[in-house]
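J.: Below: one structure in structure tokens.
Read-outs: derived from the displayed coordinates by stated rules, not from any lab. Given the structure is predicted, the values throughout are model-derived calculations rather than measurements. Using ideal geometry, Cβ is built from the backbone for each residue, glycine included, and neighbour counts are taken over all protein chains shown.
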Amino acid sequence: MDTLHENLVTTDEVPFLSGGGAAVYALRLDKLHPVISGNKWYKLRYHIEEARRQGKRRIVTFGGAYSNHIVATAAACKLYGFKSTGIIRGEMGIEPSQTLSEAVRYGMELCFLSRSDYKLKNIPAALYDNDCDYFIPEGGYSVLGMQGAATIPYDKGAFDMICCAVGTGTMLAGLLHGKLPGTKVLGISVLKNHHGLADEVRKLVGQGHDVQIDHRFHFGGYAKRTEALTGFMNKLYAQSGIPTDFVYTAKLFYAVRQLGQEGFFRDARKILVVHSGGLQGNRSLPPGTLIF
Ligand SMILES: *Cc1c(COP(=O)(O)O)cnc(C)c1O
């Protein structure tokens, strides 16, 4: 099992995305680790520390069958010597997703809950061992997750605006928490009409932050895609060598290109786009969809 490679994270200029006068750079968190890639490691790091401090032996968390958070937690637990259990929304499919198979390869035990039990957090009593279990909320949405995301490393003084993809909003909250006062942060929601997001971000980071979220770039909803999106992914890769995932980062990069063309970045000189990883999710696409 390889370790985390923070030294491999680079900040690459992406001329293909530069528009309206601003220069766009990509923060390549996808290079951190093949599985614990991108923001997931930062959201997990203080939970891992806390679990260790409390002397816990197992980490339990929640997610769907294609969850980057589930597989990243499995890999991080293996790396740091914890047992792990994933509580998975929905019945086990006839063939488990590649994401779940990989989580199992990292030693994660899976527990499938019906959608209604999952919603009600009806966790089987057998899974509750307060002495040895440490629970991480779904998607890592938590103050510790936010504080970890605030340690995402980049050159703080160099950028007028930071753009990131938004699922639970934990990373966006962390970027707001960690930035310098003059820097703006823009989130691109990958969910359809999830207008409660800004409040969920404020719940983590506190009031008094300018929480900007653009809701136009969901491409049909969470994990939905169109040919325009996969076409864009191939074009971005051909032009700049940057691979993206169709659930999060492709929607982010697409949004940044369009916003540049719309003149949104008029007043900015340098924009940082956080490539938050997630490339493992592309394995659920039909073969031949992508050129990378
Ligand atoms: C999970 C994930 C996100 C969303 O992060 P949140 O903190 O839940 O908003 C963004 N990008 C990638 C690649 C992810 O895996």
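J.: If I filter the range 58-117 down to residues being away from the ligand (no atom under 16 Å from the Cβ) and polar (S, T, N, Q), which single residue comes out as farthest from Asn130 (Cα to Cα)?
T.: That would be Ser101.
J.: So, Ala126, is that one of a type outside the set (Lys, Arg), free of Cβ contacts under 8 Å to residues at least 60 places away in the same chain, surrounded by fewer than 18 Cβ atoms within 10 Å (Cβ to Cβ) and not in a loop (DSSP other than H, G, I, E, B) or not?
T.: The answer is yes for Ala126.
J.: Considering only helices (runs of 4 or more DSSP H) fully contained in the range 165-273, which possess at least 1 residues that are within 16 Å of the chain's Cα centre (by Cα)?
T.: Answer list for the range 165-273: 170-178, 197-205, 249-261.
J.: Now a separate question. Filter the range 245-268 down to residues that are out of contact with any Ser or Thr (no Cβ under 7 Å at 6 or more places or on another chain) and polar (S, T, N, Q) and give me whichever is farthest from Leu186 (Cα to Cα).
T.: Gln261
J.: Quick test of your reading of the structure: Gly21 fulfils all but one of (1) buried (at least 23 other Cβ atoms within 10 Å of the Cβ); (2) away from the ligand (no atom under 13 Å from the Cβ). Name the failing condition by number.
T.: All conditions are met except number (1).
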